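Engineer: Please read through the structure below; I'll follow up with questions.
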Amino acid sequence: MRVTKTVLTNMCMICNGDFILVQDKVNSSYTGVTFPGGHVEHGETLADAMIREVKEETGLTIKNPRLCGVYDWMAEADVRYLVFIYKTEEYEGELCASVEGNIRWISKGDFLQEKLAHGMDKVFEIAMNGEYTECFCNLENRNETLL
């Protein structure tokens, strides 16, 4: 049997009309503009993890997050990272930043002009279009393939 250590994570594009919520990530290993998200904890469903992470990072409680696709890559020591990409227009609560970074609303049309965290252009494309459901990133040459 072949086993690969896998880390499960998530991100959610929260929409309000023509605007989306972004986070200015200030993590030493992953910086730039991204969507709220984080790790799936042991025993959590993917959707419950997404709801929890958004609440922790933004103060908002999202409802009915829809799975749009997956962004994945192989990291050091043969560890595979899977990022489940969600989207929702349903939320309640008041925005508040966290230690993960400041949050703000921007126009969907302005997103690609931001200083994006690595891979976020592909994550945005998966969440927006519905044409692609997966992106695999080869970290050795930074090649990303949308499928």
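Every number here is computed from the coordinates shown, using simple stated rules; none is lab data. Quantities reported herein were computed from a predicted structural model and do not represent experimental measurements. Using ideal geometry, Cβ is built from the backbone for each residue, glycine included, and neighbour counts are taken over all protein chains shown.
Engineer: Return the long-range amide H neighbours of Thr133 (sequence gap of 5 or more, or a different chain), with a cut-off of under 5 Å between placed amide H atoms.
Structural biologist: For Thr133, the qualifying residues are Leu147.
Engineer: In whole Å, largest first, what are the principal axis extents of the Cα atoms in the chain?
Structural biologist: 46, 35, 31
Engineer: Could I ask something else about it? Sum up the charges of everything whose Cβ sits under 13 Å from the Cβ of Arg142, counting Lys and Arg as +1 and Asp and Glu as -1, but leave Arg142 out. Intermediate results must be reported in sequence, preceding the final value.
Structural biologist: Values: positive: Lys122; negative: Asp121, Glu140, Glu144.
So the environment of Arg142 carries a net charge of -2.
Engineer: Oh, and also: Pick out which of Leu60, Leu21, Leu112 has the largest mean-square fluctuation in a Gaussian network model of the chain, springs linking Cα atoms closer than 10 Å.
Structural biologist: Highest fluctuation of the listed residues: Leu112.
Engineer: Nearest 20 debye, what's the magnitude of the dipole of the chain about its Cα centre given +1 on Lys and Arg Cβ and -1 on Asp and Glu Cβ?
Structural biologist: On the way: 14 positive and 24 negative charges, 37 e Å.
For the chain, the charge dipole is close to 180 debye.
Engineer: Cross-link partners among aspartates and glutamates for Lys25, C-alpha distance below 16 Å, same-chain residues fewer than 8 apart left out?
Structural biologist: Here the aspartates and glutamates satisfying the reach criterion relative to Lys25 are Glu53, Glu56, Glu57, Glu100, Glu114, Asp121.
Engineer: Where Lys and Arg each count +1 and Asp and Glu each count -1, what net charge lies around Gly101 among other residues with Cβ under 15 Å from its Cβ? Could the numbers behind the result be given before it?
Structural biologist: Details: positive: Lys25, Arg104, Lys115; negative: Asp24, Glu53, Glu56, Glu57, Glu100, Glu114.
Around Gly101, the surrounding residues sum to -3.
Engineer: Using the per-residue mean of other Cβ atoms lying within 10 Å as a proxy for protection, in what order, highest first, do the peptides 4-12, 118-126, 39-47, 103-111 fall?
Structural biologist: 118-126, 4-12, 103-111, 39-47
Engineer: Which whole-angstrom value gives the distance between the alpha carbon centres of the range 44-108 and the range 9-41?
Structural biologist: Centre-to-centre distance over Cα atoms comes out at 6 Å.
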